[in-house]
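Chemist: I'd like to ask some things about the structure below.
The values are calculated or read from the model by the stated rules, or taken from the named source; none is laboratory data. Keep in mind it's a predicted model, so treat the numbers as computed, not measured. Cβ atoms come from the backbone with ideal geometry, glycine included; neighbour counts cover every protein chain shown. In case anyone asks, the SASA skips ligands and DNA or RNA and just uses the protein heavy atoms, side chains included. Shrake-Rupley method; radii C 1.70, N 1.55, O 1.52, S 1.80 Å.
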Amino acid sequence: SGREVASETNPEAVSEELIACLKQGHVNRVSLGVQSADDGMLKRLGRRHTWDQAVRAVDLLQRQGLTNLSCDLMYSLPGQSRMMWQKTLRQAVSLQVPHLSLYSLTIEEHSAFGRSGQQPLDDQTESEMYFEAVDFLRAQGYQHYEISNFARPGRQSQHNLQYWKYHDFYGVGLGASGKLGNFRYDNTRNFQQYLAGQWVAERIDLSETDRQFEMLMMNLRLAEGLDLRRYDQCFSIPFEQRHAAALQRCLNSGWLTLHDSILRPTEQGMALLNSVLEEFMD
């Protein structure tokens with residue numbers, strides 16, 4: 001049917017048996033949690049694979065015909081130098097995968113990292129690592145199509161584009177989330193309840209204001225931006241009327257551009273999206 005069927009896994013789990021199962025389930029896109037090319041850093045992160053295992057996993061998937069691959073990479077890690085990050089980027093590009101996702105470290109209070117007292121790098125270094133990656137990957141032929149995501153032309157994640165464009169999507173399975181029209185929902189994590197047909201654990205009703213902000217927030221993650229004509233069709237007050245002052249401030253700051261009713265983030269605007277969105281908050 002040409003539809004994307006995606007699965008996530010880690011390098012140490014990739015085997016011929018797993019690939020056979022994925023193919024049986026018609027999976028045609030695989031995202032791998034590679035994270036780093038530095039084995040010491042992987043150990044510090046509590047990962048169970050080495051860089052060599054990641055290389056072997058990618059090779060095995062490619063040889064078995066699963067070539068639509070993405071690798072997750074992490075930066076702003078405790079003890080990570082910019083040279084280590086540059087090496088990870090170079091090594092990841094050498095794998096010749098069509099998609100890369102880059103994430104800075106977020107430490108949850110009750111995680112092992114949080115309890116250990118380790119901290120991400122300072123904001124300045126994190127920002128430099130981000131822009132370094134953007135410049136390097138664009139020079140290598142990757143399109144920076146979303147804040148954290150880079151793809152060869154035509155190889156963007158279709159699944160992710162669905163919710164970045166603020167379309168509806170189903171959440172199927174334990175703990176999955178979905179959005180339908182004016183509400184979002186989270187499925188139960190209880191197996192017995194799910195089997196009994198009591199799928200939804202929480203329903204979150206969305207006001208028009210909620211939906212306006214979420215559409216803006218999700219679409220401004222994308223380089224292609226927000227089509228204000230679509231926005232105006234969905235809501236009672238036109239965007240440029242509702243947000244005239246905030247829009248002007250963001251245009252003047254060089255964070256956003258507006259041409260032919262398409263509102264796009266600049267590279268700086270992407271990196272400072274939280275600041276951009278604060279301008280539009282009621």
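Chemist: Please pick out the residue among N182, N190 that is surrounded by fewer than 16 Cβ atoms within 10 Å (Cβ to Cβ), at pLDDT 95 or above, among the polar types (S, T, N, Q) and out of contact with any helix residue (DSSP H, G or I) (no Cβ under 9 Å at 6 or more places or on another chain).
Modeler: Going through N182, N190 in turn, just one is surrounded by fewer than 16 Cβ atoms within 10 Å (Cβ to Cβ), at pLDDT 95 or above, among the polar types (S, T, N, Q) and out of contact with any helix residue (DSSP H, G or I) (no Cβ under 9 Å at 6 or more places or on another chain): N190.
Chemist: Follow-up. Condition first: among the acidic types (D, E), at pLDDT 95 or above and either farther than 26 Å from A20 by Cα or within 18 Å of the chain's Cα centre (by Cα) (or both). Can you find one or more residues in the stretch 99-117 that meet it?
Modeler: Looking for residues that are among the acidic types (D, E), at pLDDT 95 or above and either farther than 26 Å from A20 by Cα or within 18 Å of the chain's Cα centre (by Cα) (or both), one finds none in the stretch 99-117, hence no.
Chemist: Here is a follow-up. Within the stretch 35-46, track down each residue that is in a loop (DSSP other than H, G, I, E, B) and in contact with a His (Cβ under 7 Å, 6 or more places away or on another chain).
Modeler: none
Chemist: Additional query: So which helices (runs of 4 or more DSSP H) are wholly in the stretch 186-282 and hold at least 2 residues that are farther than 26 Å from V172 by Cβ?
Modeler: Answer list for the stretch 186-282: 208-219, 228-234, 239-242, 244-252, 267-271, 273-280.
Chemist: Quick one: would you say E132 is at pLDDT 95 or above, surrounded by 13 or more Cβ atoms within 10 Å (Cβ to Cβ) and more than 20 Å from N10 (Cα to Cα)?
Modeler: yes
Chemist: List the pairs whose first member sits in the stretch 83-101 and is farther than 16 Å from D52 by Cβ and assigned to a helix (DSSP H, G or I), whose second member is modelled with pLDDT of 95 or more and open to solvent by 50 Å² or more (accessible area, probe 1.4 Å), and whose Cβ atoms are under 7 Å apart, counting only residues at least 6 apart or on separate chains?
Modeler: L89/F136; V93/Q140
Chemist: State whether one or more residues within the stretch 164-176 are closer than 24 Å to Q35 by Cα, open to solvent by 70 Å² or more (accessible area, probe 1.4 Å) and either under 16 Å from the mean Cα position of the chain (by Cα) or of a type in the set (D, E) (or both).
Modeler: no
Chemist: May I ask you to list pairs of residues, at least six apart or on different chains, whose Cβ atoms are under 9 Å apart, with the first in the stretch 188-203 being on the phi > 0 side of the Ramachandran plot and the second being open to solvent by less than 100 Å² (accessible area, probe 1.4 Å) and modelled with pLDDT of 95 or more?
Modeler: Cβ pairs passing all conditions: none.
Chemist: Considering only the stretch 225-248, state which residues are over 14 Å from Q212 (Cα atoms) and exposed (fewer than 15 other Cβ atoms within 10 Å of the Cβ).
Modeler: The answer is A244, A245, Q248.
Chemist: If you don't mind, another one. Looking for whichever is open to solvent by less than 70 Å² (accessible area, probe 1.4 Å) and free of Cβ contacts under 8 Å to residues at least 40 places away in the same chain here; the options are D260, D210. Which one fits?
Modeler: Going through D260, D210 in turn, the sole match is D210.
Residue-wise test of (1) farther than 20 Å from H159 by Cβ; (2) open to solvent by less than 40 Å² (accessible area, probe 1.4 Å); (3) modelled with pLDDT under 95; (4) not in a helix (DSSP H, G or I).
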residue	(1), (2), (3), (4)
E4	no, no, yes, yes
E12	yes, no, no, no
A20	yes, no, no, no
G33	no, yes, no, yes
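Chemist: Looking at (1) under 30 Å from M84 (Cβ atoms); (2) outside any strand (DSSP E or B), find the lone condition where G175 falls short.
Modeler: Answer for G175: the failing condition is (1).
Chemist: Output the residues belonging to the stretch 144-153 that are open to solvent by 60 Å² or more (accessible area, probe 1.4 Å) and over 16 Å from C71 (Cβ atoms).
Modeler: Answer for the stretch 144-153, where residues must be open to solvent by 60 Å² or more (accessible area, probe 1.4 Å) and over 16 Å from C71 (Cβ atoms): just P153.
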